[in-house]
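Enquirer: Supplied in structure tokens, the structure appears directly below.
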There are 2 protein chains.
Amino acid sequence: MTRRPLADHQAAVAAHLAGLAGTETVPVRVALDRTTSAPVRAPYSLPLFDNSAMDGFAVRAAEVSPGADLEVGGRIFAGDTTRPVLRAGTAMAIMTGAPLPAGADAVIPVEASHETAGSGQQSTVRFDAAPEPGAFIRSAGDDVAAGEVVIAAGTRLAPRHLGALAAAGVETIEVHRRPAVAIISTGSELIRAGATPQAGQVFESNSLVLQSLSTKHGARVTFIGSAGDDGDFATILTAACQDADLVLTSGGISMGEREPVRQTLAEHGWFGPVAMQPGGPQGLATWKQTPVCCLPGNPVSIVVSFEVLLRDVLRGIAGLPPVASNRAVLAHDITSVPGKTQFLRGVSEPDGSVRPLGGPGSHLAVTAAAAELLIEIDADTTELPAGTEVTTWPLT
Amino acid sequence: MTRRPLADHQAAVAAHLAGLAGTETVPVRVALDRTTSAPVRAPYSLPLFDNSAMDGFAVRAAEVSPGADLEVGGRIFAGDTTRPVLRAGTAMAIMTGAPLPAGADAVIPVEASHETAGSGQQSTVRFDAAPEPGAFIRSAGDDVAAGEVVIAAGTRLAPRHLGALAAAGVETIEVHRRPAVAIISTGSELIRAGATPQAGQVFESNSLVLQSLSTKHGARVTFIGSAGDDGDFATILTAACQDADLVLTSGGISMGEREPVRQTLAEHGWFGPVAMQPGGPQGLATWKQTPVCCLPGNPVSIVVSFEVLLRDVLRGIAGLPPVASNRAVLAHDITSVPGKTQFLRGVSEPDGSVRPLGGPGSHLAVTAAAAELLIEIDADTTELPAGTEVTTWPLT
């Protein structure tokens, strides 16, 4: 059977999932790590009102003479909502963030002030020096004017962005949707952690890998199920489609006699070998109007298939940039199979060169966990001496 | 009042929170991004049993002659738990992952096989070539032997690590604890997004900033509350301590006349100025046996205080490495205040140099959100010409 070129299948996956892109409105308080799909504008000017930057005294700068007493005409606290008035020839005690009284044009910090009677009635205050007009005043609109952009479109929201949005009084924002992903692993040999395995059985790990990879790259997982090889797959697939934008399956698509995924979905999509290793068997189908991306069942194939075919597509839907590849030289000679793009699990050496890790077996889940990167070898290259420059991809 | 040197206060915070470190046991399925506190060993050898790497035929290699027929003595599927036996002079159809029959020493892929009658009774099969002994067999223990380390201590668990643990049949693991953090913002001027502000009021943003920063750096947030400046702080603080390992407060610790945090906790800890800007006023106390870290209330001070005082302490408790600083040159001249370590909000220029962003005002929350890094200027330096090398810290 002719192998589909990798780039063709990558394009097919991207096209199949293109309809998942969209936007939604979410509260700012749960928007950490989401990506804005539109600029967010300030509903109000900030600060909302002239206020004091210090604990101290609000004055008219021209009325202050070093050493001369001013009557303290009142005390203004943060949270006061009645705007006070500074009477001529007086000062008012003012706390940080409290509204500046009408008539005041400067604040003198408490550290440079000498009040006669603390916070009692009829006290007076004397200052070391006259202030510059405007000193220690935060003017309304200093930070942002109403209608200005607070956060640009395409911003992945870090804590400080959420802080700016909250401070600006923004309650909800428009962000890129996180597609809802359902996951089904297949195989009659699969058992869950905690069970005591009999010979012939295998601990299921692919659903957890797909769940955590999807979560890391902008999706949310709404369903996790598993099916044996003998009949229940279609039922579980239909259930998975209820709340999902996309279904990912593992296993059941190769050349065996019990391949429930391929057998159920063959008439609803494309199945065949892709010119990549590991991860050769692939499928792409539609069930109940929901796209289904069918990955092979070996643990290493699952990771490579996700990274190569799905990672950047899901990231794009969530408004995240694609993961950047790097270039590095090989630490030693390697050979590669002809006709397939090969993805070797590898690690970086201290000198920045890279070397493959472990054997080619796509069942070596534990060995592969130590890899930090994928080394990509193109389909036409079979002999790569040490020092050859190759493309590498960081593993999630 | 003498300012406490920044390094002294950093050490005091670290010492105050040292008791929060610990370990806990969690299910592997919810361990994404947690950090292992002990090596995890394989409970079983993997693969658990010799099995086929391909869909094909299990044979004795010595019995295969190109073009000669062998009787197909049975069919073995993944998940079969009764170990089959390969009779002399026969082959058995075998699926990927199915247990190798006793007596077989090689698998020949279906692509290199010619079976007479599909999956019916009494079929025969003929092969193009004799296999190497061991071909396409995954041997028991190939990947990992029982008792070997699957994941080292100190590993931050990525999807592939979870995959390895699940595949190895590991159900629970020991990880560094995530400390439970309670957050209280204080200030009578504070209102929530969605409210219509009156002059004198300010949208509260610090609790969301502290919540998301804590979450990003290995903690979990169990309580978010707010208090005015006039009496309810102690009640809310007591409630916050119920389920928290650590309480973070914002505001209420400076020189004003209504400073509920300082007034409540002065006898239970240390309050005073730290030689840093922004973020000068700081406090560190204990309430109901729970450490309380008291941060200033300005939005920019909150971010800087967290990054400088708390970030790496919380990361250490969660088993995460400290954030690495960088060195960069200034894009233009700057001046700094004497006697305080200054942290300017800045951005990188295309040439790698850095420049400060916006003004010094610690209330400029929206302006500061555009910053990507903090530029650290030590307490003794006041004049820094363009080209001076400085330490920078990436903002979360």
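Enquirer: Here are some conditions: (1) surrounded by fewer than 21 Cβ atoms within 10 Å (Cβ to Cβ); (2) free of Cβ contacts under 8 Å to residues at least 60 places away in the same chain; (3) more than 19 Å from B:I253 (Cα to Cα). B:G163 meets all but one. Which one does it not meet?
Expert: Of everything listed in (1) surrounded by fewer than 21 Cβ atoms within 10 Å (Cβ to Cβ); (2) free of Cβ contacts under 8 Å to residues at least 60 places away in the same chain; (3) more than 19 Å from B:I253 (Cα to Cα), B:G163 misses just condition (1).
Enquirer: Name the single residue that is farthest from the other protein chains (Cβ to nearest Cβ) among those in the stretch A:219-243 being crowded, with 24+ Cβ neighbours inside 10 Å and of a type in the set (G, A, S).
Expert: Per the criteria, the residue is A:A240.
Enquirer: Which residues, taken from the stretch A:205-214, are out of contact with any Pro (no Cβ under 7 Å at 6 or more places or on another chain) and facing chain B (nearest Cβ under 7 Å)?
Expert: The one that is out of contact with any Pro (no Cβ under 7 Å at 6 or more places or on another chain) and facing chain B (nearest Cβ under 7 Å): A:L208.
Enquirer: Every residue in the stretch A:7-64 that is within 10 Å of chain B (Cβ to nearest Cβ), buried (at least 22 other Cβ atoms within 10 Å of the Cβ) and assigned to a strand (DSSP E or B), please.
Expert: Selection gives A:L46, A:N51, A:S52, A:G56.
Enquirer: Can you say whether B:I184 is more than 7 Å from chain A (Cβ to nearest Cβ), touching a residue at least 24 places away in the same chain (Cβ under 8 Å) and under 31 Å from the mean Cα position of the chain (by Cα), as far as the supplied structure shows?
Expert: Spelling it out, B:I184 is indeed more than 7 Å from chain A (Cβ to nearest Cβ), touching a residue at least 24 places away in the same chain (Cβ under 8 Å) and under 31 Å from the mean Cα position of the chain (by Cα).
Enquirer: So, A:R258, is that one modelled with pLDDT under 95 and part of a strand (DSSP E or B) or not?
Expert: Answer is no for this residue.
Enquirer: Could you look through the stretch A:287-320, keep only residues that are among the aliphatic types (A, V, I, L, M) and in contact with a Pro (Cβ under 8 Å, 6 or more places away or on another chain), and pick out the one that is modelled with the lowest pLDDT?
Expert: Going through the qualifying residues, I end up with A:V300.
Enquirer: Take B:D105 and decide whether it is more than 52 Å from the chain's Cα centre (by Cα), over 30 Å from A:L210 (Cα atoms), among the acidic types (D, E) and at pLDDT 90 or above.
Expert: Against the criterion (more than 52 Å from the chain's Cα centre (by Cα), over 30 Å from A:L210 (Cα atoms), among the acidic types (D, E) and at pLDDT 90 or above), B:D105 does not qualify.
Enquirer: Need the failing condition index for A:E376 against (1) within 13 Å of chain B (Cβ to nearest Cβ); (2) modelled with pLDDT of 95 or more, just the number.
Expert: The single condition A:E376 does not satisfy is (1).
Enquirer: A further question follows. Of everything in the stretch B:131-163 that's among the charged types (D, E, K, R) and within 9 Å of chain A (Cβ to nearest Cβ), which residue is nearest to B:V64 (Cα to Cα)?
Expert: Ranking the qualifying residues of the stretch B:131-163, first place goes to B:R138.
Enquirer: Please give the number of the condition B:L374 fails out of (1) out of contact with any helix residue (DSSP H, G or I) (no Cβ under 7 Å at 6 or more places or on another chain); (2) touching a residue at least 40 places away in the same chain (Cβ under 8 Å).
Expert: (1)
Enquirer: Would it be correct to say that A:L48 is more than 30 Å from A:L284 (Cβ to Cβ) and touching a residue at least 40 places away in the same chain (Cβ under 8 Å)?
Expert: yes
Enquirer: Quick check: is even one residue across the stretch B:80-96 within 13 Å of chain A (Cβ to nearest Cβ) and on the phi > 0 side of the Ramachandran plot?
Expert: No, because not a single residue in the stretch B:80-96 is within 13 Å of chain A (Cβ to nearest Cβ) and on the phi > 0 side of the Ramachandran plot.
Enquirer: Restricting to the stretch B:189-204, give me the number of residues that are farther than 17 Å from A:D50 by Cβ and out of contact with any Pro (no Cβ under 8 Å at 6 or more places or on another chain).
Expert: 7
Enquirer: Is it true that some residue in the stretch B:321-334 is within 14 Å of chain A (Cβ to nearest Cβ), in contact with a Pro (Cβ under 9 Å, 6 or more places away or on another chain) and part of a strand (DSSP E or B)?
Expert: Within the stretch B:321-334, not a single residue is within 14 Å of chain A (Cβ to nearest Cβ), in contact with a Pro (Cβ under 9 Å, 6 or more places away or on another chain) and part of a strand (DSSP E or B).
Enquirer: Conditions first: (1) buried (at least 18 other Cβ atoms within 10 Å of the Cβ); (2) touching an Asp or Glu at 6+ places or on another chain (Cβ under 8 Å); (3) in contact (Cβ under 8 Å) with a residue 24 or more places away in the chain; (4) not aromatic (F, W, Y). A:T367 passes all but one, so which condition is the exception?
Expert: In the conditions (1) buried (at least 18 other Cβ atoms within 10 Å of the Cβ); (2) touching an Asp or Glu at 6+ places or on another chain (Cβ under 8 Å); (3) in contact (Cβ under 8 Å) with a residue 24 or more places away in the chain; (4) not aromatic (F, W, Y), A:T367 misses (3) alone.
Enquirer: Is the stretch A:356-369 home to any residue that is at pLDDT below 95, part of a strand (DSSP E or B) and closer than 30 Å to A:E204 by Cα?
Expert: Within the stretch A:356-369 (the criterion being at pLDDT below 95, part of a strand (DSSP E or B) and closer than 30 Å to A:E204 by Cα), the answer is yes, since at least one residue qualifies.
Enquirer: Just for the stretch A:379-396: of the residues that are within 14 Å of chain B (Cβ to nearest Cβ) and buried (at least 16 other Cβ atoms within 10 Å of the Cβ), which one is farthest from A:V202 (Cα to Cα)?
Expert: Taking the candidates together, the pick is A:W393.
Enquirer: Among the residues of the stretch A:267-318, how many are without any contact (Cβ under 8 Å) to a residue 60 or more places away in the chain, over 15 Å from A:Q10 (Cβ atoms) and assigned to a helix (DSSP H, G or I)?
Expert: Counting residues in the stretch A:267-318 that are without any contact (Cβ under 8 Å) to a residue 60 or more places away in the chain, over 15 Å from A:Q10 (Cβ atoms) and assigned to a helix (DSSP H, G or I) gives 2.
Enquirer: I would also like to ask the following. Here is a list: B:T96, B:T81. Which entry is closer than 14 Å to A:E189 by Cβ, of a type outside the set (A, V, I, L, M, F, W, C), modelled with pLDDT under 95 and crowded, with 20+ Cβ neighbours inside 10 Å?
Expert: Matching residue, one of B:T96, B:T81: B:T96.
The values are calculated or read from the model by the stated rules, or taken from the named source; none is laboratory data. What you are looking at is a predicted structure, and each value in this text was computed from that prediction instead of being measured. Counting neighbours? That spans all protein chains shown, and the Cβs are built from the backbone with ideal geometry, glycine included.
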